[in-house]
Amino acid sequence: MEDCESESEVNRNKDRSPSPGVKSTAVVKYTAFQSPVGYARLQCNTDINLPPSNWGGIDTYGLKQILTRDSGLSSFRMAHMFPDCVGEVDVISDAECIKKLLKLPYQPNGTVSMMVHRVENTLLLDDFDVYEYLMKSEWSWLKDFFYENILKTMSEKERMSLTLAPSPSSALQLTHKFLSHSVAERPQPLPSETPHPPMCLPGPFLPEPEIRPEATEPAKEQNFNRNVHWTFEDIHMLIGSNLPIFGDKDRPCVSLRLRDARESINVLTGIDYWLDNLMCNVPEVLMCYHLDGIVQKYEPMKTEDLPNMENSKFSPKIIRNVAQNILSFLKSNATKAGHTYWLFKGPHDDVVKLYDLTTLCPDTMDNPFTTPVAMLLYRVARNMRLMNRSKHVRQLLEHVVELLKVERYPQIVASSHYMLSDLYVPAITNPACPNFKDESSDSEEETDFGNYAEFPGHPTSDVDSGCERDSNVGDKDEDSENVEIMSDTTDKDEKCEREETSDGGGCEREGSSERTELALQVRGLALRDIVHRQSSHQTDEKAKTDPDKGLGVEAATRCGRALRHALLGLKALHHLTINKSKEEERERLRQQIITEEQHPKMANPYEPIKMNYEPLKQSKDKSDTKEHVSRSRRRKREKKMDKTGNYLIETKSSIDKNAILVRKEKKAIPTWHEPNRDDNFAWKLHLKTLLYEKICLAYATLAEYSYSHEQYGFSLKYIDMANKCQRLLSNMIIKSRVVDASCLIGRVGDNYFQLSKHWASLEQFRKQFETDHEIDGRIKMEIENDMTEELDREVRDEFELEITIPKSETEAMLSSCEYYRRAGLVCADETHKKDELLRRTASVCNELAVRYMNDAQQIYVKYLEECEKKDGNSKSIYKQFSALSRRSSECLDEATAIFTQVNDVPNLALLYCNKARYMRFRAHCIQGGFNSEKRSLYSQAEDLYRSALKLLGPREFCGATSVWDLVSWELSCHLYTRAVLMQDSPGVYANEVTEVAEAFKHALKYCLLSPGPRQYLYQFRAAMIYHRLGSLYHSQYRITQEEGPRRRSLLNATCSQYEKAAMQFAVLEDAAMFLTVRLEHVAALETHAAVSPNVKLKSLQNAIELLRQCHSIMKVLKEKDPEEQRDTPKPEEADEKTLRNEHSLLALYENRLHYILKNIIQYCITKTNKDYEKITDMYKKLYCASLRIKKNDDVRLYASSICDVLVSMDVISKDFE
């Protein structure tokens, strides 16, 4: 034979489409036989009717597949083989189904009968052999519908044409012999490998979907020669093909076809050859022509030339349009998960109709397709979840639990509920910071799934059918678009009017369907419009999504839904039957676990060990693992990101270090391998363990959420539920630990402590604690039942908590300490956690001591009142006081010991302050003056304060500046109070001026005047100390009679301290205290003038100068806001009994001014020196000016008058200079 190919044709580019007119690529996912098969051309006149030498042997190359037609749900088998393709491709089907649909425009009298199912965004198409399936008695409902609506309208010949699985014809037998003759002998090929399952993330074992023989499944099943991912234009399909592919050194990839030399190739055969080659990416076909089985010649032809063959021309673009229109039609109408659709076209129908058969199935009967669909949905969801593709898993699983009967498939239903609960609360959830992300927030991802998300409702079918259509298929514009979708639910007159243009008998055939009055949804696609290119109706129609369908981001919402699904999962396990008694099964499982622990499973040296990989640098993104997305969706997302930027917002949140922690080292099945498929008892325990783990985690998350939102009643209730659940898990055969015991118990202590701090809202917290949701009650019942079943005897462990609402604040604090101590015992080996719990215990002890101290103070006040009444109850009250005081001391000692143990310096320093305050409190409760007992207690308090400062070290290097400042201020207050008490004790310390003065000076030393929020308080305290020191020296000056150095030094000290105090009060603009200090200073000078005649004039002149220097403070009073309170409370006002109101001080000021001026004038008049005459004249004028002060009840007017007089006095003084 002549070989008419050139060398360039042999070396063609394998990457380009076999038919350049359309875009087509094919990737082989799995092949069952060696491909391509070596072949040799047969000699001319070879008789292929004779059996070849390899006839009847093992089918090494899959050539016998052409004789058999795959039946049953082949698309489901492919979907189970490649679950990662489900949702990624548009169609999964047998190649023959695809070819039959694409040939519709060229085969108007052909018959189409297919079952259509939708899983996520993928359509599953299978041949539906009417006679094989519908004639079975158990499908009577479907048979009745078929007879009434289909068969009655057909002739006998048309009915027989519905049989889709004829016996192999003689032509096929001859083709099989021809292919067997053409095989060139080669070495035995290696056995092909089954497709590897996708690499999954580590996760708990979940049961495999059950693929039981159903009514739809024939006894004989076989895989295709190869499974191909075929991309035709923008349509992605997973195809099962049995096309034998051959090759040799000249033609490495070619398909062989046997043709009768007397018959020309028709268009349907040409389309068959062309599509087969496109699906398998075969660049050419080699046709062998024969006469009665005698080989005549070979003729090669490129795949791209097949559409242009004589007598079989067809348009690839029409085939493309048909594919896009049918896919759009099916995706627009087959939208309901779990529904079975029948795509049917009779021999003479001009409309392809889609029936929703699920609406016909009675509730009491099973839809024969429901179980396979549900199992596939489950497998896809399980695979997506393990591959971290969480988008749309919820919808898949919700359909699984709706489609499957829990009585028949409890394992699958329980597993689905577990995965649903895991979607809402993932196993990696941190209860303190759940950081939930709404899976429906990605609009691009969600809209790709829009049609599938539609559950019972009317599918959208808005298609413009009013455009013009050309009757000539060949002359149609390739870019025109129109798809007519007809519905039986539409107006009948409108339907008949539309059908009259295409087929006059259309309405007549549909009449029987209308009379059945079935609630059946039917959609139709007219053949005349199937070849038009559509643009207004996209292949992937986007449907509006329900905003309520997202998982949500609120922790309370998601945990509630997770609990609901976990409860349903537990309920489903009740239907799991166990053949043997529970005691026998439990003992068997115990022994199995012990055996596996003693004989661990060893690694197979011929199998790689999977290693969990974690990046050294964690991603800053919210999710640690990147979710898998398809290439098309990734492109859409990248385009969107280019336009809108990154819409993921990073949030930095502080996580409570005392929150409930999840044990990271936990395993789904500790020291136990995946149970056998038929071991119902093991699976029941395993799934029950997983569900209770999820319940425990959800309640722990709810407890933390409630605690952070100050709902402490809810928090205690949820901790109680998590504790019950964890106790059950700890005592089951398959033991598991979800939460850390010390953190859980410690959080109980935190809640009790918060109850004591928010005691006013106790009733609200009590109501929260006692309020049970229905789900909580049912879960509690399940836990109690399982606890009774699982625990053979009473077991006590750390999770045995008795949580109740306390009756008093003190009881709440004591309970808090108790739970902190219990938590500390649990984590005895973890130093960090134990130290933190000890700190919290000490803090509560400190608060408890303060509480006891305050209560004791109130009782002491009551005791004093009873003593005045001379009532007999005073002794019992004093006993209460003593008991509370003793408890306060014990709590302080315990807290001190704890902080010393954990070496918490700042808190220990603060505790020393509280102990010192306790000493001062005890001293305050001692009646009488500043006796030796009080002196001793104050000395102990001072030692404690100094110990705290010594413990902290220098302020610049202590690392806790705020604590140092607080201790220093407390010490200053203590020293000041002690000095005041000593100063105010008459006669006791009258002669101990040095000790009192030293106390004031030390108080001043520890009173920091540096800028800060408490600067005003510090400045006022310093001014009061100066004032007190001035008063101390002033009193000593008055009682000192003899003249001498001591008297002079006391006067100087008095004047110096008064001057410093006045300056401080002037800075603070405290008019009352300034005038008080200034008038006391003037009084000291007057006393000095009275007892020292030699310096009388000078002392009085100094006094006048002091009074005239009050001009600035008078301006403050003059400009004082009338709305301001007249008597502003001072920090030490309760201790200062000498303070006068401003009006009386102004009156005293005026009085002393007049009195001193008159004394100076009288003193100067008695002198005869001329200098005194000048002084007398000046002071007379000053006195006259002072008389112009106008007394007024209004302090502002009074001060204004004094201010004017002081100005005029300044003018007079300048005139005499």
* Which numbered condition Ala337 misses (of (1) assigned to a loop (DSSP other than H, G, I, E, B); (2) open to solvent by 10 Å² or more (accessible area, probe 1.4 Å)) -> (2)
* Structure fact -> Reported set for the range 700-733 where residues are over 23 Å from Pro806 (Cβ atoms), open to solvent by 10 Å² or more (accessible area, probe 1.4 Å) and in a helix (DSSP H, G or I) is Ser730, Asn731
* **Number of the condition not met by Pro51 [criteria: (1) at pLDDT 85 or above; (2) surrounded by fewer than 18 Cβ atoms within 10 Å (Cβ to Cβ)]** => (1)
* To do: Mind listing just one residue for me: the one in the range 1064-1108 that is polar (S, T, N, Q), without any contact (Cβ under 8 Å) to a residue 24 or more places away in the chain and open to solvent by 40 Å² or more (accessible area, probe 1.4 Å) and, of those, nearest to Leu1157 (Cα to Cα)?
  => Asn1102
* Working only within the range 767-778, note down all residues that are surrounded by fewer than 15 Cβ atoms within 10 Å (Cβ to Cβ) and either among the charged types (D, E, K, R) or more than 20 Å from Ala722 (Cα to Cα) (or both). => Lys767, Glu770, Asp772, Glu774
* Just to be sure, is Ala895 in contact with a Cys (Cβ under 6 Å, 6 or more places away or on another chain) and either buried (at least 21 other Cβ atoms within 10 Å of the Cβ) or not basic (Lys, Arg) (or both)? -> yes
* To do: With the condition kept exactly as written, say whether any residue in the range 246-254 is touching a residue at least 40 places away in the same chain (Cβ under 8 Å) and closer than 14 Å to Thr175 by Cα.
  => no
* Asked: Only one of these conditions is not met by Met781: (1) crowded, with 19+ Cβ neighbours inside 10 Å; (2) at pLDDT 90 or above. Which number is it?
  -> (1)
* Please specify each residue of the range 734-778 satisfying the condition of being at pLDDT 85 or above and assigned to a loop (DSSP other than H, G, I, E, B). => His758, Thr771, His773
* Does the range 879-902 contain any residue that is part of a loop (DSSP other than H, G, I, E, B) and at pLDDT 85 or above? -> yes
* What number of residues in the range 822-853 are within 30 Å of Lys879 (Cβ to Cβ) and either within 31 Å of the chain's Cα centre (by Cα) or open to solvent by less than 70 Å² (accessible area, probe 1.4 Å) (or both)? -> 11
* Just a yes or no: is a residue in the range 801-809 within 19 Å of Cys891 (Cα to Cα), of a type in the set (Ser, Thr, Tyr) and open to solvent by less than 30 Å² (accessible area, probe 1.4 Å)? -> no
* Only one of these conditions is not met by Lys302: (1) surrounded by fewer than 23 Cβ atoms within 10 Å (Cβ to Cβ); (2) closer than 24 Å to Asn242 by Cα; (3) modelled with pLDDT of 90 or more; (4) out of contact with any Asp or Glu (no Cβ under 6 Å at 6 or more places or on another chain). Which number is it? -> (4)
* Return the only residue of Leu376, Leu423 being of a type in the set (A, V, I, L, M, F, W, C), modelled with pLDDT of 85 or more and not in a loop (DSSP other than H, G, I, E, B). => Leu423
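The values are calculated or read from the model by the stated rules, or taken from the named source; none is laboratory data. For clarity, every value in this text was computed on a predicted model and none was experimentally measured. Note that each Cβ is placed from the backbone with ideal geometry, even for glycine, and that neighbours are counted across all protein chains shown. Just so you know, the surface numbers come from the protein's heavy atoms only, side chains and all, with ligands and any DNA or RNA stripped out. Shrake-Rupley method; radii C 1.70, N 1.55, O 1.52, S 1.80 Å.
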